[in-house]
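First comes the structure, then the notes that go with it.
The values are calculated or read from the model by the stated rules, or taken from the named source; none is laboratory data. Owing to the predicted nature of the structure, the values given are computational and were not obtained by experimental measurement. Quick reminder, even Gly has a Cβ in these numbers, built from the backbone with ideal geometry, and neighbours come from all protein chains shown.
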Amino acid sequence: MGLYDLIKDLKAVDVLVDVPSCYVDDPLAIALDILAAKRSPRRIVIIDRERKVRGVITSLRILEILLGFRGSVMVKLRGLTKVLREKVILFSDEAPYTMVRDTPLISVIKHMGENSIPMIPIVDDLGTYMGVIDETRVLKLLKGRTFGEEVSRAIEAVFPLVFMRDTALKAAEANDRRG
């Protein structure tokens with residue numbers, strides 16, 4: 001069974017991950033608490049009161065805020081407590097691309113790969129946030145599967161070493177010797 005066969009009939013809604021979210025007007029401290037928790041996600045989806053996706057914030061982004069130039073100036077001028085009380089939306093990255101729940105999973109994965117996006121929020125037909133599909137969830141789908149050949153056999157296989165300066169003939173000869 002190939003990868004395509006495994007996921008061809010799955011929709012985005014079939015593999016959703018429930019990632020914590022914050023409301024746009026929640027203080028930055030709440031996002032920090034979620035991201036600093038044990039088994040925390042790498043990112044939090046920021047939603048409005050109608051549960052529409054408005055942004056994403058990551059632990060790295062919070063570090064940039066608190067330790068970076070902009071953040072250090074804010075902390076110096078206002079104090080850390082006041083900065084942590086600011087609305088989380090002020091510090092989040094813009095709203096990511098979303099996909100609707102019935103999008104074929106193969107389309108979601110393709111979009112993630114082509115655009116180097118680690119996570120895509122999934123929404124219902126009205127645009128209401130439902131959850132996300134992230135790179136970890138996709139990898140968990142593949143865990144323990146065999147796609148025509150065991151991973152260990154592919155890893156242990158000997159491949160010829162070919163350099164950029166080598167000719168095509170030399171590369172072909174190296175491959176023939178492997179066989």
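Would you check which residues across the stretch 33-62 are of a type outside the set (Val, Ile, Thr) and closer than 17 Å to Ile133 by Cβ and list them? Answer for the stretch 33-62, where residues must be of a type outside the set (Val, Ile, Thr) and closer than 17 Å to Ile133 by Cβ: Pro41, Arg42, Arg43. Does Asp102 satisfy being at pLDDT 90 or above, assigned to a loop (DSSP other than H, G, I, E, B) and within 13 Å of Asp14 (Cα to Cα)? It is true that Asp102 is at pLDDT 90 or above, assigned to a loop (DSSP other than H, G, I, E, B) and within 13 Å of Asp14 (Cα to Cα). Of all the residues in the stretch 63-80, those that are assigned to a helix (DSSP H, G or I) and farther than 30 Å from Ile133 by Cβ number 12.
Is the stretch 30-52 home to any residue that is of a type in the set (A, V, I, L, M), at pLDDT 80 or above, assigned by TED's automatic domain parsing to the domain that holds Pro104 and assigned to a loop (DSSP other than H, G, I, E, B)? Yes: the stretch 30-52 contains one or more residues that are of a type in the set (A, V, I, L, M), at pLDDT 80 or above, assigned by TED's automatic domain parsing to the domain that holds Pro104 and assigned to a loop (DSSP other than H, G, I, E, B).
Quick check on this structure: which one of Val83, Val56, Val13 is among the β-branched types (Val, Ile, Thr), surrounded by 15 or more Cβ atoms within 10 Å (Cβ to Cβ), part of a helix (DSSP H, G or I) and within 23 Å of the chain's Cα centre (by Cα)? So that I can check it myself, show each step before the final result.
Details: Val83 fails: within 23 Å of the chain's Cα centre (by Cα); Val56 fails: part of a helix (DSSP H, G or I).
Matching residue, one of Val83, Val56, Val13: Val13.
Residues in the stretch 21-51 that are over 19 Å from Lys82 (Cα atoms), in contact (Cβ under 8 Å) with a residue 40 or more places away in the chain and over 19 Å from the mean Cα position of the chain (by Cα): Glu50, Arg51.
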